[in-house]
Amino acid sequence: MRAFGDYNPRITAIYFAIIIGISMLCMNPVLQCLSFLGGLLYFVISDEDGLRLKTHAFYGAVFLITALINPLVSHNGVTVLLVVNDNPITLEAVIYGVFAALAIVTALYWFRCFSGVMTSDKLLYICGGLSPRISLVISMSLRFVPLFRRHYREVRLAQTALGVYKDETFGSRLKGGVAVFSSMVTWALENGIVTADSMTARGYGTGRRSFFSDYKVRKNDLIMLFIVVCLGVVTILSIAVGALTVDFYPAFCWKGLSGWSVSGVVAFGLLCFIPVFVEIGEKIKWHFLTLKI
């Protein structure tokens with residue numbers, strides 16, 4: 001038993017591509033709720049920020065703002081709840097706004113989970129098999145961001161310690177920010193030249209590039225891939241035949257239950273909670289192992 005992030009990066013990338021794609025493209029309310037619950041639970045279990053109310057408060061604010069915008073700008077629908085300045089607020093617009101906001105927040109949660117699982121070395125492993133050049137560019141970009149941030153803090157602290165400027169007024173803060181930015185641009189250009197000279201000295205471009213990877217495809221990875229693909233195919237087929245289609249305008253309407261709709265909902269529900277099941281199973285396993293020590 002392994003944690004979900006320990007599976008082969010290509011398997012996890014396929015999983016996130018399927019789950020995020022369906023969550024963003026299908027507006028079925030049941031699928032949206034299942035995807036939201038799956039992403040939220042996995043985020044809480046796997047990420048330290050998942051236990052902080054501040055993080056969820058931000059997503060809650062995004063949800064409320066997005067949900068309120070749609071009924072204020074869209075007045076389609078046959079069920080009028082109230083009229084504001086001669087503009088009708090309809091029930092259908094409210095429902096669509098709620099689930100559109102839920103789709104956005106769900107995607108944000110899943111992308112947050114994706115960033116926690118797919119580290120830079122895993123992204124390089126995925127891109128390296130397609131193009132070593134693209135892998136090199138991504139590697140250099142990912143490395144440059146923390147270097148830029150660290151050097152920015154160093155320059156700012158150094159100038160503040162030297163008394164070049166003080167953070168007392170907006171003008172002084174603006175002047176200090178411009179000075180720091182100017183220094184950072186100079187450093188970035190110099191660092192780029194040094195990096196290019198170093199790559200030339202080491203023979204970059206003289207032959208075909210290769211890449212190293214320590215990731216292997218194991219039996220558990222193939223089993224996970226089979227489960228993910230099967231559940232994803234069932235869900236996509238259910239959407240393709242129209243069993244999960246929901247009409248929000250002019251009136252909220254769902255065709256009802258059928259064999260395809262039930263299969264699609266069950267398959268997508270299992271797909272959403274796969275990481276949660278894996279993480280809980282791993283925690284239970286480690287709990288019993290620690291009891292034996």
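Condition check ((1) under 30 Å from Asn8 (Cα atoms); (2) surrounded by 10 or more Cβ atoms within 10 Å (Cβ to Cβ); (3) at pLDDT below 80) across all residues:
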residue: Ala161; (1), (2), (3): no, no, yes
residue: Gly171; (1), (2), (3): no, no, yes
residue: Ala188; (1), (2), (3): no, yes, no
residue: Thr200; (1), (2), (3): no, yes, yes
residue: Tyr215; (1), (2), (3): yes, yes, yes
residue: Arg218; (1), (2), (3): yes, yes, no
residue: Leu222; (1), (2), (3): yes, yes, no
residue: Leu231; (1), (2), (3): yes, yes, no
residue: Ile236; (1), (2), (3): yes, yes, no
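Would you confirm whether or not the range 17-28 contains a residue that is under 14 Å from Val117 (Cα atoms) and surrounded by 20 or more Cβ atoms within 10 Å (Cβ to Cβ)? Scanning the range 17-28 turns up no residue that is under 14 Å from Val117 (Cα atoms) and surrounded by 20 or more Cβ atoms within 10 Å (Cβ to Cβ).
Every condition in (1) surrounded by 13 or more Cβ atoms within 10 Å (Cβ to Cβ); (2) modelled with pLDDT under 80; (3) of a type in the set (D, E, K, R) holds for Glu92 except the one numbered (2). For the criterion of being in contact with a strand residue (DSSP E or B) (Cβ under 9 Å, 6 or more places away or on another chain), within 30 Å of Gly5 (Cβ to Cβ), surrounded by 13 or more Cβ atoms within 10 Å (Cβ to Cβ) and at pLDDT 80 or above, Phe99 passes.
Return the pair list, or none, for Cβ contacts closer than 8 Å from residues in the range 226-240 that are within 14 Å of Ile19 (Cβ to Cβ) to residues that are hydroxyl-bearing (Ser, Thr, Tyr) and assigned to a helix (DSSP H, G or I), at least 6 apart or on different chains. Going by the 8 Å Cβ cut-off, the qualifying pairs are Val228/Tyr15; Val234/Ser263. Does Ile45 satisfy being free of Cβ contacts under 8 Å to residues at least 24 places away in the same chain, out of contact with any Ser or Thr (no Cβ under 6 Å at 6 or more places or on another chain) and either in a strand (DSSP E or B) or within 30 Å of Ala3 (Cα to Cα) (or both)? So Ile45 does not fit the description; no. Residues that are more than 30 Å from Cys253 (Cβ to Cβ) and of a type in the set (Phe, Trp, Tyr) within the range 1-60 comprise Phe4, Tyr7, Tyr15, Phe16, Tyr42, Phe43, Phe58, listed in sequence order.
Scanning the range 15-40 for residues that are closer than 18 Å to Tyr96 by Cβ and among the small types (Gly, Ala, Ser), which turns out modelled with the highest pLDDT?
Among residues in the range 15-40 that are closer than 18 Å to Tyr96 by Cβ and among the small types (Gly, Ala, Ser), the one modelled with the highest pLDDT is Ser35.
Please go through the range 239-275 and pick out each residue that is over 25 Å from Tyr109 (Cβ atoms), of a type in the set (A, V, I, L, M) and modelled with pLDDT under 85. Within the range 239-275, Ala243, Ala251, Leu257 meet the criteria.
Screening Ala57 with (1) in contact (Cβ under 8 Å) with a residue 24 or more places away in the chain; (2) farther than 12 Å from Ala103 by Cα gives one miss only, at (1).
Scanning the range 86-112 for residues that are in a strand (DSSP E or B) and either closer than 9 Å to Pro71 by Cβ or touching a Ser or Thr at 6+ places or on another chain (Cβ under 7 Å) (or both) yields a count of 2. Would you mind stating whether Val78 is outside any helix (DSSP H, G or I), touching a residue at least 40 places away in the same chain (Cβ under 8 Å), over 24 Å from Val276 (Cα atoms) and over 17 Å from the mean Cα position of the chain (by Cα)? For Val78, the condition - outside any helix (DSSP H, G or I), touching a residue at least 40 places away in the same chain (Cβ under 8 Å), over 24 Å from Val276 (Cα atoms) and over 17 Å from the mean Cα position of the chain (by Cα) - is met.
Residue under question is Ile11, and the condition is that it be more than 20 Å from Thr245 (Cα to Cα), in contact (Cβ under 8 Å) with a residue 24 or more places away in the chain and of a type in the set (Val, Ile, Thr); does it hold? Considered against the rule, which asks whether it is more than 20 Å from Thr245 (Cα to Cα), in contact (Cβ under 8 Å) with a residue 24 or more places away in the chain and of a type in the set (Val, Ile, Thr), Ile11 comes out as yes.
The values are calculated or read from the model by the stated rules, or taken from the named source; none is laboratory data. Computed from a predicted model, the values in this text were never measured in an experiment. All Cβ positions, glycine included, derive from the backbone under ideal geometry; neighbour counts span all protein chains shown.
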